[in-house]
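Working notes, beginning with the structure itself.
The values are calculated or read from the model by the stated rules, or taken from the named source; none is laboratory data. What you see is a predicted model; the values in this text were computed from it and never measured. Here the Cβ is made from the backbone with ideal geometry for all residues, glycine too, and neighbour counts use every protein chain on show. Surface accessibility is based on the protein's heavy atoms, side chains included, excluding ligands, DNA and RNA. Shrake-Rupley method; radii C 1.70, N 1.55, O 1.52, S 1.80 Å.
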Amino acid sequence: MKNLFNATETSHSVFPSLPDAQFDILYADPPWDYKGQLQHAGAGNGDSGGAIRHYPTVTLKVLKTLEIHRVAAPDCLLFMWATNPHLDQAIDLGKTWGFSWATVAFVWDKIRVNPGFYTMSQCELCLVFKKGRIPQPRGARNIRQLVSERRRAHSQKPDEVRRRIDLMFPNLRKLELFARGPIANGWEVWGLEAISW
């Protein structure tokens, strides 16, 4: 695998068209570009892979060209996964897409650790951004931030996060961006590995 885009390409040349609808809740796990960097499992163990071994990655410059504002309702929340090395890029991307930075929605304790350059990596963040007001109607308001669930396949996020978002906003239109894998009940999906529009 490689980075999906060359220097002259934009999101329009590779990604499918965005749906012709607006959603109250957006949920995104962008395919962050690590510039080909692999994760290493320690001396004598080789590498344990990296994003580029599992799916095409996309640069921040190209991610910014996606017209996500077209699928965002006037009052909309964007829940976005950000790997720790991409935290600043994620905040920049959310703002470029027309949202204001709000807070960290979820902290995923993966139970199993990955090697890191500074500390052993065990957590990943799901940020939340806001456009307009918090969409209504709301459901549960006592949802916990910490999700402790064992890491599974590369980049596979815990289903529990989507379930908690459903509890918070059970009756709103929801779209998963960059979707991979099975479709969650009550969600629409978009991405290279999702049903095409």
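Can you name the number of the only condition in (1) at negative phi; (2) part of a strand (DSSP E or B) that residue 111 fails?
It fails just one condition, (1).
Tally up the residues in the range 105-133 that are closer than 21 Å to residue 175 by Cβ and either over 14 Å from the mean Cα position of the chain (by Cα) or aliphatic (A, V, I, L, M) (or both), please.
8
Looking at (1) closer than 19 Å to residue 177 by Cα; (2) modelled with pLDDT of 50 or more; (3) among the hydroxyl-bearing types (Ser, Thr, Tyr); (4) part of a loop (DSSP other than H, G, I, E, B), which one does residue 27 not meet, given that it meets all the others?
(4)
Given (1) touching a Ser or Thr at 6+ places or on another chain (Cβ under 9 Å); (2) acidic (Asp, Glu); (3) in contact (Cβ under 8 Å) with a residue 60 or more places away in the chain, where does residue 188 come up short, assuming only one miss?
Failed condition: (1).
Being surrounded by fewer than 14 Cβ atoms within 10 Å (Cβ to Cβ), part of a helix (DSSP H, G or I), at pLDDT 50 or above and of a type outside the set (Val, Ile, Thr) is true for just one of 35, 61. Which residue is that?
One residue alone meets the criteria, 61.
Which numbered condition in (1) at pLDDT 95 or above; (2) closer than 23 Å to residue 95 by Cα is the only one that residue 190 fails?
(1) is the only condition that residue 190 fails.
Tally the residues that are in contact (Cβ under 8 Å) with a residue 24 or more places away in the chain, farther than 25 Å from residue 72 by Cα and not hydroxyl-bearing (Ser, Thr, Tyr), restricting the search to the range 124-152.
Start the filter on the range 124-152 by keeping residues that are in contact (Cβ under 8 Å) with a residue 24 or more places away in the chain, which leaves 124-141, 143, 145-151.
Still in the running and farther than 25 Å from residue 72 by Cα: 146-151.
Retained after the next criterion (residues that are not hydroxyl-bearing (Ser, Thr, Tyr)): 146-147, 149-151.
Within the range 124-152, residues that are in contact (Cβ under 8 Å) with a residue 24 or more places away in the chain, farther than 25 Å from residue 72 by Cα and not hydroxyl-bearing (Ser, Thr, Tyr) number 5.
Kindly indicate the residue of the range 165-177 that is open to solvent by 20 Å² or more (accessible area, probe 1.4 Å) and assigned to a loop (DSSP other than H, G, I, E, B) and also farthest from residue 22 (Cα to Cα) among those meeting that condition.
For the range 165-177, the residue satisfying everything is 170.
Using beta carbons and a limit of 8 Å, which pairs, at least six apart or on different chains, have the first residue in the range 77-97 and over 25 Å from residue 113 (Cα atoms) and the second one among the β-branched types (Val, Ile, Thr)?
Final answer for the pair search is 77/25; 77/128; 77/134; 78/68; 78/128; 97/68.
Could you look through the range 134-164, keep only residues that are open to solvent by 70 Å² or more (accessible area, probe 1.4 Å) and charged (D, E, K, R), and pick out the one that is nearest to the chain's Cα centre (by Cα)?
Ranking the candidates gives 159 first.
Report, by residue number, each residue of the range 99-108 that is out of contact with any helix residue (DSSP H, G or I) (no Cβ under 6 Å at 6 or more places or on another chain), closer than 9 Å to residue 129 by Cβ, hydrophobic (A, V, I, L, M, F, W, C) and assigned to a strand (DSSP E or B).
Of everything in the range 99-108, just one residue is out of contact with any helix residue (DSSP H, G or I) (no Cβ under 6 Å at 6 or more places or on another chain), closer than 9 Å to residue 129 by Cβ, hydrophobic (A, V, I, L, M, F, W, C) and assigned to a strand (DSSP E or B), namely 102.
Among the residues of the range 71-98, what is the count of those that are open to solvent by 10 Å² or more (accessible area, probe 1.4 Å), within 18 Å of residue 178 (Cβ to Cβ) and either assigned to a strand (DSSP E or B) or of a type in the set (A, V, I, L, M, F, W, C) (or both)?
Residues in the range 71-98 being open to solvent by 10 Å² or more (accessible area, probe 1.4 Å), within 18 Å of residue 178 (Cβ to Cβ) and either assigned to a strand (DSSP E or B) or of a type in the set (A, V, I, L, M, F, W, C) (or both): 3 in total.
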